[in-house]
Each structure stands twice: as C-alpha cells, then as structure tokens.
Amino acid sequence: MLQQYLMQQEEVVLGWGFYVPLLLMVVLILLAVRIWVVIGVGSFAMLLLTDVLPPTLLGEALFDGIDSFALIAVPLFILTGDILVRTGLSGKLLDVAEATLGAVRSGLGTSTVLGCGFFACISGSDAADAAAIGRITIDRLEAKGYPKAYACALVASGACTGILIPPSISYIIIGLVLGISASTLFLAAAIPGVLILMSIMVANAVVNRVRGYENSTAGFNFKYWLKTVYSGRFALMIPVIILGGIYSGIFTPTESAAVAALSAIIIGFFQRTLKLGDIPKILETSAKVSGVIVPIIAMSLPLAQTLASLQVPQAFVSSMTSLTSNPYLIILIMVAILMIAGCVMETTPNIVILAPLLLPLAQEIGMNEIHFCIFMVTALGIGFITPPLGLNLFVVSGVTQTPIISISRYVFPFVFTMLIIALLIGYVPAISLWLIN
C-alpha cells in the first residue's frame, strides 16, 4: 500500500552549471543531433562547469557502463527477432494468433494485437515489433475493411507490448541501471504486460463494434487451429525456450537470448528458409539496431552519475513535494512526465536518465523498486503512441507511407485504455508484485 504522505526533503539549489548544459541539450535535440551525442556533450559540459566529478572519469565511466554480462542479451534478442522475420517464422506466429481469435467479431484486428504480443515475447523491442507486424498485417487489415490509418494505429499500439511483455530490452536496461535482476523484472512484468495487451484488444473490439469495420462470421474451427499450431510449432518454440528457460531458472536472460538465437538459426536451416549467405545480412541489420542502443547507454550512465552527484534527484523530489503531498497526484504527475518523455525519446535514454531521478520520488510514496520499474516502463510505452510525436507512429508511418496526422486520429482509444492500466499498476502494487511474492 502507498504511504499517506510524503516526507519533506531538504532543499537543493542547482546553479548555472546544471541549467546551461541542460539548455544546450535541448537545443541540440531541436537541431536533430543524434541523441547519444546530445547526452555525451551534456554530460561533459556539466562535468566541466560544475566540477562535481573529474572530467577524466568520463572515459572510464563509458566503458564501465556497458561492461555488463546482462547487456549482451540486448543484441541477441534483436538478432533473434531479425531471424524470425527473415525466415518467415513471425508470419507463422500471426497465423496462430488469427486461428485463435479470428472467429470473434473483430477477429483479424484482435489477432493482430495477439500477434504483436507473440512477437514481443521474442524481440523485446517495440520498434522491431511495429515494423515486422506492420509489413505483414496492415494490408490485410485494410482489405478486411479497416481504414489504413486505423490499421496503422492498431499495429502501433499492439507493438507497445514489445517493451512491456517479457523478455523486454527495457527491463534489462532498467535492471542494469537500478541494480535489479532482469529475471525478477520479467516475472513481475508478466501480469501487467498481459493486461496492457488485453486493454488494446478491448479497445479495438469496442471501436470495431461502433464503426463496424469487421464482422467475422466464421466460428472457431478446432481442427484448423490444431493444424495452424502444428504448422507454427517451430515459431512457438522460440518464446517457450526464452520464457520457459528464464522462469524455470535454467537460463539467465542473456543465456536464453543466446539459446533462442541459435535455435532460430537451426530452425531456419532445417526448414530451408535460411541460407548461409543470409547470415551476414542479418548480423548487419541487428548490429545497426544494437549500434543505436549501446552508445546511448554508454553516454547516459555518466550523465546519471553526474546528476546524482549534483543531488538533482533530491532537488526533483523537493520540487514535487512542494506541489503536492498526495501520493496519488504524484503518480499522475509521473505518468504525465513519462508519457511526454516517451513521445520524444526512445526508451533507453529515458530509462537511464529518468529512472535514477524518479526512483527516490517513487520510494517516498511507498513504491517498491520493482513496482516502480514496471510502472515506469508501462507509462513510457504509452508515450510511444501519444500524438503528436509517438515514436511507434513514425515507424508505421514509414512502413506504410501513411501521414502521421491521419494515424494520430485513431490512437486515442488505445491511449485511454493503456493509461487506465498504467494507473492501476501505479495504484495497486499487487499487480506487479503478486507473482514475485
């Protein structure tokens, strides 16, 4: 349960040595400078102007931050997702989802969301989820009667589960930053992730009933379902290997990612959907994605250390408690901050910068650190489809050449239902902690 009131913090005064680098970072972001460069420049400027830590420690901190066994899981999960797309196994997962839920009134739309959930159990990335599922399903949804922009909004929303359903790259990173076991976070995130998935399905079903986009009349065919599951058995093996290995304690997340990647390669060769000549291209694609994430982590950790040395988290807690001492309002404020942050930046820099900043505030209102991690990642996930700058909206727009404004018109039911679940997670710790306890 949440504590009734917050403890008052001693006031911390931040000087121009903090605000000038912060303003510089904002200007660089507006100039579309790469985010890892922005963070690196801001960190170095803050160290020089505040003298809180020796600037020479920057180089050491860069390597120490990414020298982590747990971090190896990130490129391996990305690689596994790329292999599934290249071998067509991701399409098999969607076939299983459609055979499972295709008989309901909003069958194809609902099964698309379920397919996003299946793929989330493998890739751990919302952008990869949106791109992979979008290429396969959006044209099929349009042919079924959905407006193309709505189909894009549906896929973008379902793809948010890429960071919300274990195994998630985001939980690996926030565990690394806050010193929490990724396996523990994966277990805690299972129920919240499924709730988010179900909320998107419900929103689609309601919208479909009001607008009449799709009206499936075929009943559930058990024989066809068994046939589809058998056809997709190798694709279904991958999430079973990942989640089963982690939850049973056989594998660490990193080991499960390695086993899953190797299994996907073997399955591809066995089914003759993968050739030896495809491997270099897959490795190149995965390396490009990993090459975006890892430099951000490397640059963000020195910035987080600098902010901690300047007592910025304490100052932030003090400013928040001066606004209100009601923990329920504090949770609303945190949701707003995280949704806005999720609109404009990827998960990795948001987690590395904001997690150490918000955790002290969350602990003051009685949040367990695991509860906070689940709450934070969920709220960030909503930002990915929040107009006008939701990152998933840009991904599906790029895949389908559909204007962002058109897609944004259709996302509000999904934002609303996901927001309800995020607030429930914030206000009811048992949702995140029940499986652990």
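Given R₀ = 22 Å, what would the calculated FRET efficiency be for THR56 paired with SER309, taking r from the Cβ atoms and rounding to 0.05? Could the numbers behind the result be given before it?
Working: r = 15 Å, r/R0 = 0.67.
Between THR56 and SER309 the formula returns 0.90.
In percent, what relative contact order does the range 291-433 have, based on Cα pairs under 8 Å that are 6 or more apart in sequence?
On the way: 136 pairs, mean separation 38.1, N = 143.
Rounded, it is 27 percent for the range 291-433.
Treating only the Cβ atoms of Lys and Arg (+1) and Asp and Glu (-1) as charged, compute the dipole magnitude of the range 16-433 about its Cα centre; round to the nearest 20 debye. Working shown, then result.
Values: 18 positive and 18 negative charges, 310 e Å.
That gives a dipole near 1480 debye.
Determine, from the Cβ-Cβ distance of VAL20 and ARG209 and an R0 of 60 Å, the FRET efficiency 1/(1 + (r/R0)^6), rounded to the nearest 0.05.
Values: r = 54 Å, r/R0 = 0.90.
Calculated transfer efficiency: 0.65.
Please find, in a Gaussian network model of the chain (springs between Cα atoms separated by less than 10 Å), the residue of ALA189, ALA264, ALA32 whose mean-square fluctuation is greatest.
Maximum among the listed residues: ALA32.
For n ≥ 4 DSSP H runs only, could you compute -39500 (n - 2.57) per run for the chain, divide by its residues and tell me the 222 nm figure to the nearest 500? Please report the intermediate quantities before stating the final value.
Values: 22 runs with 329 residues, N = 437.
Helix-only estimate at 222 nm: -24500 deg cm²/dmol.
Select from LEU243, LEU424, LEU329 the residue whose mean-square fluctuation is largest in a Gaussian network model of the chain (Cα-Cα springs shorter than 10 Å).
Highest fluctuation of the listed residues: LEU329.
With unit charges on the beta carbon (Lys/Arg positive, Asp/Glu negative), name the residue among ILE265, TRP225, PRO327 whose Cα is farthest towards the positive pole of the charge dipole of the range 16-433.
TRP225
Nearest 10 degrees is fine. How inclined is helix 369-383 to the longest principal axis of the chain, computing both from alpha carbons?
Result, in degrees: 70.
Could you tell me how many degrees, from 0 to 90 and to the nearest 10, lie between the Cα long axis of helix 169-178 and the main elongation axis, the longest principal axis, of the Cα atoms of the chain?
20
Which of TYR146, GLY244, VAL292 sits closest to the plus end of the dipole of the chain, meaning its Cα is farthest towards the positive end, when Lys and Arg get +1 and Asp and Glu get -1 on the C-beta?
TYR146
Aspartates and glutamates near LYS144 by alpha-carbon distance under 16 Å, same-chain residues fewer than 8 away left out - which ones?
Cross-link targets: ASP95, GLU98, GLU214.
Working from the alpha-carbon coordinates of the chain, get Rg over Rh, Rh being the Kirkwood radius. If you can, show how the numbers build up before the last one.
Numbers: Rg = 21.8 Å, Rh = 22.3 Å.
Here the Rg-to-Rh quotient is 0.98.
Ranked by Cβ crowding within 10 angstrom, fewest neighbours first, how are LEU48, LEU114, LEU419 ordered? Kindly include the intermediate steps, with their values, before the conclusion.
Details: LEU48 12, LEU114 23, LEU419 17.
By the 10 Å Cβ count, ascending, the order reads LEU48, LEU419, LEU114.
May I ask for the longest run of the chain untouched by GluC sites (Glu not before Pro) that are loop-located per DSSP and have at most 16 neighbouring C-beta atoms (other than their own) within 10 Å? Can you show the working numbers first?
Details: sites that count: GLU10, GLU11.
With a cap of 16 other Cβ atoms within 10 Å, the longest stretch comes to 12-437.
Return a whole-number percent for the relative contact order of the range 225-359, with Cα pairs under 8 Å and 6 or more residues apart as the contact set.
Details: 50 pairs, mean separation 29.0, N = 135.
Contact order relative to length: 22 percent.
With a 10 Å cut-off between alpha carbons and a GNM built on the chain, which of PRO280, PRO356, PRO21 moves the most?
Residue with maximal mean-square fluctuation among PRO280, PRO356, PRO21: PRO280.
What number, in percent, do you get for the relative contact order of the range 16-433 if the mean sequence gap of Cα pairs under 8 Å and at least 6 apart is divided by its residue count?
Values: 648 pairs, mean separation 100.8, N = 418.
Once divided by the residue count of the range 16-433, the mean separation gives 24 percent.
Taking the 0 to 90 degree range and rounding to the nearest ten, how far is the long axis of helix 73-87 tilted relative to the main principal axis of the chain, both from C-alpha atoms?
20
For LYS275, give me every one of the lysines with a C-alpha distance below 20 angstrom, ignoring sequence neighbours fewer than eight places off in its own chain.
Straight-line reach from LYS275, under 20 Å: LYS92.
Taking the Cα centre of the range 272-419 as origin, work out the dipole magnitude from +1 charges on Lys and Arg Cβ and -1 charges on Asp and Glu Cβ, in debye rounded to 20.
On the way: 5 positive and 5 negative charges, 100 e Å.
Using Cβ point charges on Lys, Arg, Asp and Glu, the range 272-419 gives about 480 debye.
None of the figures in this text is laboratory data; all of them are computed from the coordinates on show. As the structure is a computational prediction, the values presented were derived from the model and not from experiment. Note: ideal-geometry Cβ built from the backbone for every residue, glycine included; neighbour counts use all protein chains shown.
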